[in-house]
Amino acid sequence: MNRILVAGAGPVGLTAALALARKGFPMTVLESGADLATESRASTFHPPTLEMLDDLGIGDELHERGLLSPTFAYRDRAEGLVALLDLAVLAGDTRFPYRLQCEQSKLTPILRTRLLRHDGCEILYNWHLAGVTQTPAAVTASAADGRSARGSWLIGADGAHSRTRRAIGAGFEGITYPERFLVASTDEELTAWLPDLASVNYVFDPVEWCVLLRTPDHWRVLLPTPSQTPDALEYARLDTRLRGVFDPGRPWRIAHASMYRVHQRVAAAFRVGRVLLAGDAAHVNNPLGGLGMNSGIHDAVAYAAALASGDEGAIDAAATERRRIALEYVQSVSHQNYERLRATDPVARAAHLESLRAVAADPVRARESLLRSSMIAALRPAVGGPA
Ligand SMILES: Cc1cc2nc3c(=O)[nH]c(=O)nc-3n(C[C@H](O)[C@H](O)[C@H](O)COP(=O)(O)OP(=O)(O)OC[C@H]3O[C@@H](n4cnc5c(N)ncnc54)[C@H](O)[C@@H]3O)c2cc1C
């Protein structure tokens with residue numbers, strides 16, 4: 001029995017499945033949806049993730065669908081552009097010294113097509129994992145409708161509300177942020193209004209901080225929104241808030257808007273017996289810095305290498321290391337990004353903006369900072385210093 005099961009056909013589950021299929025394992029992906037998700041969610045690929053996806057043979061296709069983002073910007077609502085960080089200083093550290101802006105919903109169909117080219121690989125839709133049982137030699141996933149699937153291992157990549165995580169009894173401690181995050185996609189060309197925008201812009205403000213992101217299809221504006229206000233009120237005042245970013249003297253053209261709660265949580269264990277947790281099933285964080293999907297893809301690739309080695313010690317070590325990185329790097333960097341965007345103390349704010357200007361102006365410090373924000377330091381501490 002060398003078939004491996006994966007719960008969830010999101011970016012993480014499909015990456016794990018493709019990586020293992022390429023190593024010769026028959027794969028069964030169990031997906032509760034009727035098809036792949038089409039929601040616009042994560043949209044930034046960092047350099048190490050691009051390297052991993054390129055190693056899986058899909059780098060070119062992903063690049064064809066995405067936008068190269070060689071720089072990103074820190075801005076202040078009042079002052080405008082503060083600092084532009086150029087990932088070109090990472091040219092000696094990665095073969096992809098830039099971010100690629102591309103929605104995760106463009107990645108998953110590429111992964112699916114490649115996976116299904118491998119003999120013995122399948123995706124079963126409308127398959128809602130409800131329970132997991134295991135013996136020392138095998139694991140069985142069962143669906144709510146009585147079906148079951150058996151494999152030598154199960155990778156639980158079934159998202160933030162993971163049933164796999166619950167089935168193995170792993171806690172999911174952490175915090176929920178007080179505000180909700182409102183994301184508006186717009187057909188407006190923001191560089192016509194703000195010509196010095198980069199493709200990714202973090203905008204500091206004690207009250208109305210925001211993120212402006214370009215994707216291949218839209219610009220996206222992410223705004224914090226109070227915890228308890230009615231959704232209808234928030235959508236009704238969205239245009240007024242967008243006009244605070246730039247006022248064209250008419251309403252913004254909004255293609256889509258959605259609001260969601262954001263958590264910082266890490267599963268108590270990433271491995272229990274023959275079950276491994278990956279991606280949002282294992283760890284969730286705020287979207288500031290674009291670390292969620294990226295670190296989930298890193299989990300998938302690390303697990304595939306360890307499982308292919310057949311070495312129990314290597315599998316254990318991969319789960320332990322990915323949990324360490326989730327706790328020490330992903331949680332801390334994403335939370336620090338949140339705290340800095342919304343900092344209220346004027347002295348601390350001014351000092352931070354000044355330090356960003358100094359970092360951008362010094363290639364050595366810029367490289368150090370970018371090794372961390374681009375996730376290279378998390379994966380290769382020897383290169384970037386401790387994560
Ligand atoms: C609204 C929203 C906006 C986001 N924006 C950003 C962003 O801007 N930047 C960023 O970095 N991250 C963002 N994220 C987070 C990012 O989308 C996730 O980190 C990423 O999707 C994780 O991938 P995943 O494959 O682990 O999980 P998911 O993408 O959630 O995929 C899980 C899959 O499992 C399936 N599934 C669920 N339950 C079961 C079950 N019981 N049985 C079988 N299948 C099941 C689901 O249908 C889904 O296909 C956002 C998340 C949300 C919800």
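Bear in mind that the values in this text are calculations on the coordinates, not laboratory data. Since this is a predicted model, take the numbers as computed values, not measurements. No Cβ is skipped: glycine too gets one built from the backbone with ideal geometry, and neighbour counts run over all protein chains shown.
Numbers below:
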read-out: Under Karplus coefficients 6.51, -1.76 and 1.60, residue-wise ³J(HN,Hα) of the stretch 332-340 in Hz, glycine/proline x; value: 6, 5, 5, 5, 4, 4, 5, 4, 6
read-out: Sparsely packed trypsin sites (Lys or Arg not before Pro) within the stretch 43-82, loop by DSSP, other Cβ within 10 Å at most 10; value: none
read-out: Label-point separation in nm, ASP316 to TYR260, each point 7 Å along Cα→Cβ; value: 3.5
read-out: Average projection area in nm² (convex hull over Cα atoms of the stretch 318-375, one quarter of hull surface); value: 4.6
read-out: Inter-site label distance for HIS161 and ARG357 at 7 Å from Cα along Cβ, in nm; value: 4.8
read-out: Highest-MSF residue in the chain out of GLY273, GLY92, GLY80 [GNM, Cα springs under 10 Å]; value: GLY92
read-out: Chain lengthening between ARG95 and ARG365 when straightened (0.36 nm per residue, less Cα-Cα); value: 95.2 nm
read-out: 14 Å reach of a label modelled at ARG250, 7 Å along Cα-to-Cβ, counting backbone N of the stretch 187-203; value: 187-189
read-out: Förster radius 45 Å - calculated FRET efficiency between ARG243 and ALA268 (Cβ-Cβ, nearest 0.05); value: 0.50
read-out: Candidates per trypsin sites (Lys or Arg not before Pro) in the stretch 81-141, loop by DSSP, up to 12 other Cβ within 10 Å; value: ARG95, ARG117
read-out: ³J(HN,Hα), Karplus 6.51/-1.76/1.60, whole Hz, each residue of the stretch 309-323, x for Gly, Pro; value: 6, x, 9, 3, x, 5, 5, 4, 5, 5, 5, 5, 5, 5, 5
read-out: Coordinate range along principal axes, alpha carbons of the stretch 174-263, Å, largest first; value: 39, 26, 26
read-out: Among GLY244, GLY131, GLY151: highest mean-square fluctuation, GNM of the chain, C-alpha pairs under 10 Å; value: GLY244
read-out: GNM top mover of ALA304, ALA232, ALA360 - the chain, alpha-carbon springs below 10 Å; value: ALA232
read-out: Net length gained if the chain between THR135 and THR176 were fully extended (0.36 nm per residue, minus Cα distance); value: 11.2 nm
read-out: Estimated distance in nm for a label pair at ALA350 and ALA37, the labels positioned 7 Å out from Cα along Cα-to-Cβ; value: 4.4
read-out: Tail beyond 35 Å, pair distance distribution of the chain (Cα, percent); value: 26
read-out: Rg/Rg_globular for the stretch 1-84, with Rg_globular taken as 2.2 N^0.38 Å and Rg from C-alpha atoms; value: 1.49
read-out: J(HN,Hα) series, the stretch 212-217, from Karplus relation 6.51 cos²θ - 1.76 cosθ + 1.60, nearest Hz, glycine and proline x; value: 10, 10, 9, 10, x, 9
read-out: Inverse of mean 1/r across different Cα pairs in the stretch 254-387, Kirkwood, Å; value: 16.6
read-out: Efficiency of FRET between ASP196 and LEU327 - r from beta-carbon atoms, R0 51 angstrom, step 0.05; value: 0.90
read-out: Hydrodynamic radius by Kirkwood, which averages 1/r over all alpha carbon pairs of the stretch 53-178, in angstrom; value: 19.0
